[in-house]
């Protein structure tokens, strides 16, 4: 990787971490962002079949109770995910093969890819470190809000959502 010029980003990582002045505590999530966190937490607690069934059967109810901001978006996303997963599995294999071949060939493109991927991971770790407590608080608040809203749903799916959100909150407390 010696032939890559002007790619030493360590100075940038250090200087940004030292000088960044962001008011983390006063950042609030939008309704759409809270919905996305809820759907992510729900997906973590369900099997694929259970998740698909909950969304397809209850999206309208979730929207009425304010748990998600758009039933239509959630159901359309679910349909697109199924289509995308079939295509993505093949593409992932093909892309992995391309990266492996580039590495074995000693390609300069691979060297740049490896360098910038490493730097991207370093920046991501710094973001996680800096925003850890604020992100935990925001996620916990969003999940708690979803849990509270779901508790007013009289059906079995409401109870199921409450239990799943309780599990997520317990995981966050560990």
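General remarks:
- Total residues in region 94-127, condition surrounded by 10 or more Cβ atoms within 10 Å (Cβ to Cβ) and not in a helix (DSSP H, G or I): 1
- Meets criteria (at pLDDT below 90, on the phi < 0 side of the Ramachandran plot and part of a helix (DSSP H, G or I)) for residue 91: yes
- Some residue of region 74-84 being part of a helix (DSSP H, G or I), at pLDDT below 90 and over 30 Å from residue 62 (Cβ atoms): no
- Selection status of residue 157, assigned to a helix (DSSP H, G or I) and over 20 Å from residue 36 (Cβ atoms): no
- Any hit, region 32-46, residues being over 23 Å from residue 163 (Cβ atoms), within 18 Å of the chain's Cα centre (by Cα) and either in a helix (DSSP H, G or I) or modelled with pLDDT of 85 or more (or both): yes
- Residue count, region 128-143 (criterion: surrounded by 13 or more Cβ atoms within 10 Å (Cβ to Cβ) and either in a helix (DSSP H, G or I) or touching a strand residue (DSSP E or B) at 6+ places or on another chain (Cβ under 8 Å) (or both)): 10
- Residue in region 63-73 that is at pLDDT 90 or above and not in a loop (DSSP other than H, G, I, E, B) present: yes
The values are calculated or read from the model by the stated rules, or taken from the named source; none is laboratory data. Worth saying up front: this structure is predicted, and the values here are computed from it rather than measured. Quick reminder, even Gly has a Cβ in these numbers, built from the backbone with ideal geometry, and neighbours come from all protein chains shown.
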